[in-house]
1. Over the range C:143-265, what relative contact order in percent results from Cα pairs under 8 Å that are six or more residues apart?
2. What are the residues whose amide H is under 5 Å from the amide H of residue A:222, where those residues sit 5 or more places off or on another chain and H is modelled from the backbone?
3. With +1 assigned to the C-beta of every Lys and Arg and -1 to the C-beta of every Asp and Glu, and no other charges, what is the dipole magnitude of the range A:197-259 about the Cα centre in debye, to the nearest 20?
4. Which residue, B:87, B:59, B:26, tops the fluctuation ranking in a GNM of chain B built on C-alpha contacts under 10 Å?
5. I want to check the label-to-label distance for residue D:34 and residue D:219. Put each point 7 Å from Cα in the C-beta direction and report it in nm to one decimal.
6. Please give me, ordered by residue number, the chymotrypsin sites (Phe, Trp or Tyr not before Pro) of the range B:30-105 that lie in loop per DSSP and have at most 16 other Cβ atoms within 10 Å.
7. Any idea how far apart residue A:228 and residue D:73 come out in nm if each label point goes 7 Å out from Cα toward Cβ?
8. Along its three principal axes, how long is the protein assembly as shown when you only count alpha carbons? Whole Å, largest extent first please.
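What follows draws every value from the coordinates through simple rules; no lab data is involved. These numbers were taken from a predicted model, which means no experiment stands behind them. Backbone-built Cβ (ideal geometry, glycine too); neighbour counts: all protein chains shown.
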There are 4 protein chains.
Amino acid sequence: MGRTMLRATSPEALERRVAAVEQTGLGRGWKDPEVGIGAYYEFEDPDGHVFGLYYDTTLYQADEQDRPALKNQASRYPGYGVNARRLDHINYLASDVNATGDFWDQTMKSRETEQVELDAGGFAARWFRFAQKSYDVVYSEDWTGERGRFHHLAFATDTREDILKAADFFLEEGVYIEYGPYKHAINQTFFLYVWEPGGNRIEFANAGARLILNPDQPVVTWTEAERAKGQAWGMKTVPTFHTHGTPYVENQEEIDRAALEGRRL
Amino acid sequence: MGRTMLRATSPEALERRVAAVEQTGLGRGWKDPEVGIGAYYEFEDPDGHVFGLYYDTTLYQADEQDRPALKNQASRYPGYGVNARRLDHINYLASDVNATGDFWDQTMKSRETEQVELDAGGFAARWFRFAQKSYDVVYSEDWTGERGRFHHLAFATDTREDILKAADFFLEEGVYIEYGPYKHAINQTFFLYVWEPGGNRIEFANAGARLILNPDQPVVTWTEAERAKGQAWGMKTVPTFHTHGTPYVENQEEIDRAALEGRRL
Amino acid sequence: MGRTMLRATSPEALERRVAAVEQTGLGRGWKDPEVGIGAYYEFEDPDGHVFGLYYDTTLYQADEQDRPALKNQASRYPGYGVNARRLDHINYLASDVNATGDFWDQTMKSRETEQVELDAGGFAARWFRFAQKSYDVVYSEDWTGERGRFHHLAFATDTREDILKAADFFLEEGVYIEYGPYKHAINQTFFLYVWEPGGNRIEFANAGARLILNPDQPVVTWTEAERAKGQAWGMKTVPTFHTHGTPYVENQEEIDRAALEGRRL
Amino acid sequence: MGRTMLRATSPEALERRVAAVEQTGLGRGWKDPEVGIGAYYEFEDPDGHVFGLYYDTTLYQADEQDRPALKNQASRYPGYGVNARRLDHINYLASDVNATGDFWDQTMKSRETEQVELDAGGFAARWFRFAQKSYDVVYSEDWTGERGRFHHLAFATDTREDILKAADFFLEEGVYIEYGPYKHAINQTFFLYVWEPGGNRIEFANAGARLILNPDQPVVTWTEAERAKGQAWGMKTVPTFHTHGTPYVENQEEIDRAALEGRRL
C-alpha cells in the first residue's frame, strides 16, 4: 500500500483538514493532479503511512459496452463471482496505535466506534468512521515493531453468501485463506481474509444492516479479557493477524509460522 | 402516522434547521420534552405531515435480562424471526410531491438520490437521504388527491434471506402481502410490503452494501417510460402503491380493488 | 427438447421398466450406445415426448486442469455465477395430462407428490419423483392443445441467493425473465424462469432442505380454488405458463401476448 | 441417545433387514408397538448402539391451531428461529469403526459415500446413505476407547443463513459453540456444532443442493494427509470431535480440555 488517497466531502472540508494537518508538521504539501483526481495534499500519519487528500475528481462514466441495465449503478456485471460492491475500509499496522489513533481522532476528525484497550494502558487497535459506516480506517498493533505497514484492504459484498462463495473460489484457486468466513465480535462484521499472491491481506466483509446512525454514539471499549473470548462465535483470533503485513519484515515467514504455533519471536 | 420525530446531528444543526423551517411559515413552535426526547420543534411539511425536530435524547440502556452477549449491540435477541435491525426510512403519500420534495431539498437540506419525473412535468416520487444511506425520507404521489397521508415505514434487515423468511411468516400469520419479495429498480433495494392489521403498509428492506459514499452524487432521474418496465427484474409495480395509504379515504377498499383491476377511480 | 435420456438405478431396474413399457405399445426398441451412455431403450410417453432408458454409462473424469480442490466434486469451478449444481427436473407440456401422469405412475413406477385437480375432473398438472427429491418429472396442461411440447428444464442451485443473483445476471444480459424469483406453493420450491434466446424456458430452482423421506407420503391434491390464490406468497401464476412451450405453435407470440393480457386465444 | 428407531421403506424391506440382522446374532427380537410406531425389531450394532426397525407408523396430523397456510407441510411455523426442517443424520462414536461400518454396508445394505482411511489401515470414520441424501448414518472413532457412545444428531436447515443465525442465537443463549459455522471437506456440508446443556452435541447442517443421484457412485476415500489439511476452507478439525461424546466417560471434561490443548490423554 504505497499511499491512500481520500476524497474530502467538500472543498471547504478539504481546506479545513489540510490546515489541521499542517499544524501537526506531518504535511508534505500540495501535489499536482493525477488520473481521476485533482490536486491533492500529501501527508503522513504519525506511523509513516502516506496519504493524499483531494476534492476534485472525475466520475467514472461507463462506455456503451459497460452500460448497466439499471442506470443507478456504475457499470454492468455487478455481481459475477464475489461481487465486491465497494472498497469498504483500510486497516494499517502501526508501531504506535495510540499516536495514529489520536491523529485520526483530533486532526482528521473521524469518529472512533470501537477500540481494544490493553491492560497495561494504550490500545491494541482502534476503529474510525467518517460518517455512517461503522468503520473506514483502522489501526492495529504491529508485533514486529515496524512502522508504516499495511494490514488489509476490505471489499464490501452485498451478502454473507457472497463471502461463503468467495471462500470456495479461493480454495479452488489456491489462494491462501488466513481466517474465516466467520463473524467479528468487534463491529460484528462477517469476514473472510486471504493473502493475495503478493502477500497482501485482503478482506471480504459484510456488515449486514449495521450502520452508526446515532450522532453521539459512545465508543465501545473492549478489554483484553473480553478479546480473549475470541470472535463473535468463539473462534480465537488468528495469530498472524498481529504479525503478517506488507512490506514484509526480513524474517516474515518465520515470524508468521511462529505465531501460528503460539510463539512470539 | 401521527407525526415523525427526527433527531438533528448536533444542537447547532437543530438550530439551523429550525431557523430555516421558521422562514417557511410551516413551524408550530417548540414543544415540551417527552419520553426519551428533549424539547422539540414541531412543524408541518407542505402537504400537512407533522414532524418534530430534537437533539436531546436518552439512549436506551438494556437492563440485566436484556443485556446482549456482545456489548456493541443495544439488547439481546437481535435476530429471532425477521430481525428488524433498524428503522430504515419512511415514505409519505402527498397530494403535491413537488412542493414536499422542494421543502426537503431546500429547507431541510437533505440530498435527493433518485426521482421519477412525469412526462407532463413534475415528479411522481422523490427519494431523499440525510447522509450515506441511500434514502431516509420519500414522497410519492397520492392518486386519491388527499393531503398528508402515510405510505409506509420500512425496517432494514441484515439479509435478503430475512425478507424471504418474513414472507413465510406473514403467509402463515394471515397478514396481507401486497408486493414482493422482489427487487426495486429505484435504489435497488430488496423489498417486501405487507399491510398490518390496521391497514398501514410496512416494508422490510435490504439494500445490500449499497450506500452513497460520493459527496456530490448526481440525482438519478427515471422517466415514465423507464418506470413502465417495472421493478428491477421486470414485475410491474403493484397498482395499490398509488392508492392505498392511511388514514383511509372514504371508499379506500373500493379504490384499491379498482387499482388492482387496472382502473383508476 | 428432442428427447430425454434417463438412467435406471440398476440393470435389473432397466429390464423391469423396459418390459413394462413394451406392454404399453409405446416402445420403439433398443438403440445403439451413444457418447457417454450404453445401449438404451427408446419410447414415447402417451403425449409423444421421446425418452431413452439406459444403465451403462461413462462417468465424467476431470482432466488435470479441471481437477477440483476437493476430490468429492466432479470438477473445478462449482460456483462462479449462478452455480447450477445439477439438472434438477424436467417439465413437459401435454395435451393430455391424465394419460401421461398415469403412464409415469403405473408404467414407470415413479411416485406422485403433488397434483392440481380440475373442478371438471382430470388434472392440470402432476409432479412425480423417483426417490427422495420432491419431483423429477412434471406434466402441465398445454392450452394450445398441442402434443409433446416442452415446458422447462430446471437447474438446482445451492442457495436462494444464487437465484437472486441469477436474476441480476439475466437482467444485465437482456435475457427475458418470465417469472420470479418467487416461491411456489406447490412443493414450495424457490424459482426463477427465463426464456433462453431460442425460446426454451429454463428454471433455476432451490428446494431448501425439502425432501420426501416418508416412503408412503400421501399425494397432495390442490383444487382450482386453492391454485387461484397464486403462488406461496400470493403472486398469481404467470399466464404464459400455460401457453409458452417449444417447439412453438404457429402463432406462439400472439398466444403468449394474449395470455399476458388475460385472454385465451 | 438411548436408541435409534428407523423406518423401513416397506413391510418387505423390513422383513429383509430383520432376517439379515438375525443372521448376525445382534438381534434382540420383536418388541410391542409404542407411541407413533408399530411393532419393531430391536438390535444392536457391533459397537453396542441400540436400534429399532419398524414400518407401521402414525403420521402426524396438525390440529386446527397448528394447520399450515400451505397444505404441503406438516404444521405451522416452519421457520421461526433456526428452522430445523428435518432430522438429517446421526453420528455415533465407536470403539471399532471398521466393524460398525461393515455392519451397515453388508447387513443393513446402506451405501457408503465417504470414508477416512488410516495410514495404519482401518477407518477413522465412515459415512452411509439410505437413498439420495449424502449421508444418514455416520461412525467416527472414539479416542476414549469406549463402546456405544453418541457423537451428534443433525438437523437440516433450508439455508446456510439459518445456520449463521443459529450461531447468533446460541451465543446469546450461552450455549457452547464447539465448532463452526464452517464448511466440511467431507460431503461439503455447511455446519455448526453446539453442546446442548446436557452435553450432547447437536449439529445444524446444510448440504446445499448436494444429493447422490448416481446409483453406482464411487466411495470417496480420504487419507490422513488429506484430512490434515483441515475442513474445506482450511480450519483444522476441533480436537474434541474425537473425545467428546455421551454418555460421558469418567474424566470427560479433563479429556476434552487436554484435546483442545493438543494433548491426547
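1. This gives 26 percent for the range C:143-265.
2. For residue A:222, whose amide H was placed from the backbone, the distant partners under 5 Å are A:115, A:116, A:117.
3. Roughly 280 debye, rounded to the nearest 20.
4. Largest GNM mean-square fluctuation: B:59.
5. Rounded to a tenth, the inter-label distance reads 3.1 nm.
6. Values: sites: B:30, B:40, B:41, B:43, B:51, B:54, B:55, B:60, B:80, B:92, B:103, B:104; in loops: B:55, B:60, B:80.
When the chymotrypsin sites (Phe, Trp or Tyr not before Pro) of the range B:30-105 are filtered for loop state and at most 16 Cβ neighbours within 10 Å, B:60, B:80 remain.
7. 4.5 nm
8. 89, 77, 53
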